[in-house]
Amino acid sequence: MVVERKAGKVAVIGAGSWGTALAMVLADNGHETRLWSHNPTQIDEINSIHTNDKYLPGIKIPELVTGYFDLEEALFGIETIILAVPTKAIREVLKTIVQIQKKPLVIVQVSKGIEPDTLLRISEMIEEEMPEELLEDVVVLSGPSHAEEVSLRHPTTVTVSAKNMQTAEYIQDLFMNHHFRVYTNPDLIGVEIGGALKNIIALAAGISDGLGYGDNAKAALITRGLAEIARLGVKMGAKSLTFSGLAGIGDLIVTCTSVHSRNWRAGNMLGKGQNLDEVLENMGMVVEGVRTTKAAYQLAEKYNVRMPITVTLYEILFSGKSPKDAVDGLMSRVKTHELEDLADILSN
């Protein structure tokens, strides 16, 4: 049962750009916010000069945000945590939390990915790692929201979802303010799938731009990419309308068209001739779309769903196919009817 809560202490686990930006939103709303990182130098910077220059250069962090290096200290007396670590680190962090946490938590997961091989969404990973007595509920927060713009307090809209909508409404109230608008959506699967798979299409859009193919090609990738996301999402139990909202087309547009998008930037480097190892080294940050491409490729096989863009990107990333040959292959596929996809999606 969800109890009524007032403004209080919240812990954000992960002090990258997105975790830091969300900590700033919470602080703006009057919450005493603890921001945890495994990097002591980063924590010293946050606490001494109130910046996190590696991830959000030039941004001043509110004094209500306090950095923590010790995870046990960061979680002391906490009922709600914002989980903002990369997908590949989630299980490790959760295992540590289980060892030190004594009371049930509401966990708000704000990362966007799917675990390869297990093919679990992040909320499912959390439920698998956290004992029932330590997990009050899991909430997903997603939508078109670059951390760089959120930290500048530019208008942003996101959506939250949970199995218990009372919990989703609690998180809505926790974050909502005049520049950060939060909607609720009961479709937990759709919100999570839309947020994860859009990174694949953003990689493809970046490759197209890197090849110099222009706006026509990118518009096609976004549109057909949305069809792929919806096809798979509906097969997995999502509602088709979710992909017309913030967690679907909204997040897809912003991630495929902005230089803030690390997935777009990574794809752009690939399109200009760099190999994957060079790209990841030059990025210096996690590119979630790479792991998610592998997972989505496996999901497409599992659910027997046509995902030509995903398959093509998988061949570029993991089979050494040249970006130009891959795009040319996409354009020369057997002809079909555009509305076939829409009929398939709406029939579910």
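Values in this text are rule-based calculations from the coordinates and carry no lab data. Computed from a prediction, not measured in an experiment: that's the story for all the values here. For neighbour counting, all protein chains shown are included, and Cβ atoms are generated from backbone atoms with ideal geometry for every residue, glycine included.
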Roughly how many debye, to the nearest 20, is the charge dipole of the range 175-251 about its Cα centre, given +1 on each Lys and Arg Cβ, -1 on each Asp and Glu Cβ, and no other charges? 160 debye
Estimated inter-spin distance, ASN164 and GLU32, nm [label 7 Å along Cα→Cβ]: 2.4 nm
Could you tell me which helices of the chain pass both thresholds, a Cα extent of 24 Å or more along their own axis and a mean Kyte-Doolittle hydropathy of at least 1.0, with helices taken as whole DSSP H runs? 188-210
If unit charges are put on Cβ atoms (+1 for Lys and Arg, -1 for Asp and Glu) and the dipole of the chain is taken about its Cα centre, the option from GLY14, THR167, ALA247 lying farthest towards the positive end turns out to be ALA247
If you take the square roots of the eigenvalues of the alpha-carbon gyration tensor of the range 130-176 and sort them as a ≥ b ≥ c, do you get rounded (a/c under 1.5), prolate (a/b over b/c) or oblate? prolate
Point-to-point label distance, GLN99-LEU64, nm (Cα→Cβ direction, 7 Å offset): 3.3 nm
Mind checking the alpha-carbon convex hull of the range 197-346 and giving the volume per residue in Å³? 104 Å³
Only helical DSSP H runs with n ≥ 4 go in: add -39500 (n - 2.57) per run for the chain, normalise by residue count and round the 222 nm mean residue ellipticity to 500 deg cm²/dmol. -15500 deg cm²/dmol
The chain: most fluctuating residue of VAL106, VAL138, VAL259 per GNM, C-alpha cutoff 10 Å: VAL259
What's the tally of Lys pairs in the range 9-186 whose alpha-carbon atoms lie under 24 angstrom apart, where the two lysines are 8 or more places apart or on different chains? 15
Under 16 Å between alpha carbons: how many lysine pairs meet that in the range 197-346, if sequence neighbours fewer than 8 apart on the same chain are excluded? 9
Place a +1 charge on the Cβ of each Lys and Arg in the chain and a -1 charge on the Cβ of each Asp and Glu, then give the dipole magnitude about the Cα centre in debye, rounded to the nearest 20. 720 debye
Among 147-160, 317-330, what's the highest-first ranking by average C-beta atoms within 10 angstrom per residue? 147-160, 317-330
Which value in nm describes the separation of the simple spin-label points at VAL259 and GLU301, placed 7 Å from the Cα toward the beta carbon? 3.9 nm
Quote the FRET efficiency, to the nearest 0.05, computed for PHE76 versus GLU128 with a Förster distance R0 of 22 Å and r equal to the Cβ-Cβ distance. 0.30
Restricting attention to the alpha-carbon atoms of the range 9-186, what are Rg (one decimal) and Dmax (integer), both in Å? 15.1, 42
Roughly how many whole Å is it from the C-alpha centroid of the range 159-199 to that of the range 254-324? 26 Å
Using each residue's phi in the range 241-251, evaluate 6.51 cos²θ - 1.76 cosθ + 1.60 at θ = phi - 60° and report the 3J(HN,Hα) Karplus result to the nearest Hz, with x for Gly and Pro. 5, 4, 6, 8, x, 4, 6, x, 4, x, 5
